[in-house]
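J.: This structure is in structure tokens; I'll ask about it shortly.
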Amino acid sequence: SKSKGRNQLSFYAENMQEAFLQQYEMTNRLKNALVSDEFHLVYQPVIDMKSAGLVGAEALLRWSYDSNDISPDIFIPIAEKSKTINEIGQWVLDNALKQLSVWHKIDNSMFMSINLSPIQLSDQSLIPFIKACLDKYKINPEKIKLELTETALLLDNEKNLSMIQSLKKLGCLIALDDFGTGYSSVTHLYSFPIDTVKIDKSLMPTFSKHPDTLKVTKGLVAMINSLNLDITVEGVETTYDLNFCQGLNINNIQGFYYDQPLEPDAFKDKYLIKSKF
Ligand code: C2E
Ligand code: CA
Ligand code: CA
Ligand code: CA
């Protein structure tokens, strides 16, 4: 029964066997999710720091399974292992670009940020697929920002570099996501054709637990400024975070201070209709 299925989908497995079974089950469910239309996108506003106006949106994937919303932090890694991520990623690209083409009728200056898994960089159909979507929805590629984490830059460096160069040649913008966590390396900032660096939320005052974090954040921002890259700060939750950002030379801000990721209608009502006046 359905309720039994829900109970079996307990995400905090206590032992390996259980974890394996859950992964197996999730992989099968993920494969069906595309066919059964269980995915949808929500959109978080990206705000210009100086004008406080909307400049873009980040598309974030949601999976509603059996009336539960499953977090992408849980199902994306599983989709990556089974390579289902390539199909899911194409679904995301198609739907986010379709949405952007609709919103461009109200505000054609806004951009759409789309997350790409490092696995997708090995997919030979990625470039033709993006090109076909841009044509289908008549979208200026400069209004598409593809977000990659540093994992993508570390794996198979040469092949991924040439893939990222091809994405640049299409005219899309490239953002380096979650900077300041994991394997952050300064050389990534100039060996890859990056337009925007997204500073991870763990470097915001409200998130950070360590007293020296804010010194590090200031230093990182100054260094990225010196390379003339755009900076977006993520995880701006409080007035304190906002004030901290306003003391730095950054371009864009994202976070719960403004909004959580929104359903398309809510996003339009709040950020697109209003911005006309
Ligand atoms: P991300 O790309 O770093 O996305 C930002 C995450 O931070 C989102 O979580 C967003 O809801 C959350 N967030 C935004 N502002 C705040 C804030 O002020 N405070 C806090 N605590 N969180 C904030 P979400 O939607 O759960 O996504 C989690 C991750 O899943 C994303 O991290 C991204 O790595 C991945 N993801 C989501 N959608 C996609 C997708 O379409 N494709 C791929 N490959 N990955 C995706
Ligand atoms: Ca992102
Ligand atoms: Ca991020
Ligand atoms: Ca992240």
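J.: Any chance you could give the angle, 0 to 90 degrees and rounded to 10, that helix 126-136 forms with the longest Cα principal axis of the chain?
T.: Roughly 80 degrees between the two axes.
J.: In addition: Taking amide H positions as placed in the peptide plane 1.01 Å from N, state which residues far from Gly56 in sequence (5 or more) or on other chains have amide H under 5 Å from it.
T.: For Gly56, the qualifying residues are Val46, Phe111.
J.: What is segment 173-277's relative contact order, in percent, from Cα pairs under 8 angstrom and six or more apart in sequence?
T.: It comes to 22 percent, rounded to a whole number.
J.: Shifting gears a bit: Amide H of Glu263 versus every other amide H placed in the peptide plane: which residues, excluding those fewer than 5 positions away on the same chain, fall under 5 Å?
T.: For Glu263, the qualifying residues are Tyr43.
J.: Next question. Quick check: pseudo-label points 7 Å beyond the Cα along Cα→Cβ at Ser109 and Lys50, how many nm apart are they?
T.: 1.2 nm
J.: Could you pull out every one of the lysines with an alpha carbon less than 29 Å from that of Lys131, ignoring same-chain neighbours closer than 8 positions?
T.: Result set, ordered by chain and number: Lys31, Lys81, Lys83, Lys98, Lys105, Lys143, Lys145, Lys159, Lys168, Lys169, Lys198, Lys268.
J.: Looking at segment 119-201, which GluC sites (Glu not before Pro) are DSSP coil and have at most 13 other C-beta atoms within 10 Å of their C-beta?
T.: Filter output for segment 119-201: empty list.
J.: Between Ser202 and Ser166, what FRET efficiency comes out of the Förster formula 1/(1 + (r/R0)^6) with R0 = 22 Å and r the beta carbon distance, rounded to 0.05?
T.: 0.10
J.: May I ask you to evaluate 6.51 cos²θ - 1.76 cosθ + 1.60, the Karplus curve with θ = phi - 60°, for each residue of segment 138-149 and list the ³J(HN,Hα) values in order in whole Hz, giving x for glycine and proline?
T.: Karplus values, whole Hz, x for Gly and Pro: 6, 10, 5, x, 5, 8, 10, 10, 9, 9, 10, 8.
J.: Now for a separate question. What is the helix-to-structure angle for 157-170, meaning the angle in degrees between its Cα long axis and the longest Cα principal axis of the chain, kept from 0 to 90 and rounded to the nearest 10?
T.: Long axis of 157-170 versus the principal axis of the chain: about 70 degrees.
J.: Please determine, in degrees from 0 to 90 and to the nearest 10, the orientation of helix 72-81 with respect to the longest principal axis defined by the Cα atoms of the chain, where the helix direction is its Cα long axis.
T.: Around 70 degrees separate the two axes.
J.: Can you tell me what percent of all Cα-Cα pairs in the chain are more than 22 Å apart?
T.: The answer is 60 percent, as a whole percent.
J.: At a Cα cut-off below 20 Å, give the aspartates and glutamates reachable from Lys215, other chains included and same-chain residues fewer than 8 away excluded.
T.: Partners found: Asp178, Asp200, Asp230, Glu234, Glu237, Asp241.
J.: Under a point spin-label approximation (7 Å from Cα along Cα-to-Cβ), what is the Glu18-Thr239 distance to one decimal in nm?
T.: 4.5 nm
J.: Turning to a different aspect of this structure: Between Ser185 and Gln246, take the C-beta separation as r, use R0 = 30 Å, and let me know the FRET efficiency to the nearest 0.05.
T.: Efficiency for this residue pair is about 0.60.
J.: Calculate, for Thr151 and Val102, the FRET efficiency according to 1/(1 + (r/R0)^6) with r their C-beta to C-beta distance and R0 30 Å; round to the nearest 0.05.
T.: 0.40
Each value in this text was obtained by applying a stated rule to the coordinates, not by laboratory testing. Because the structure is a prediction, the values reported are computed rather than measured. Please note: Cβ atoms are built from the backbone with ideal geometry, for glycine as well, and neighbour counts cover all protein chains shown.
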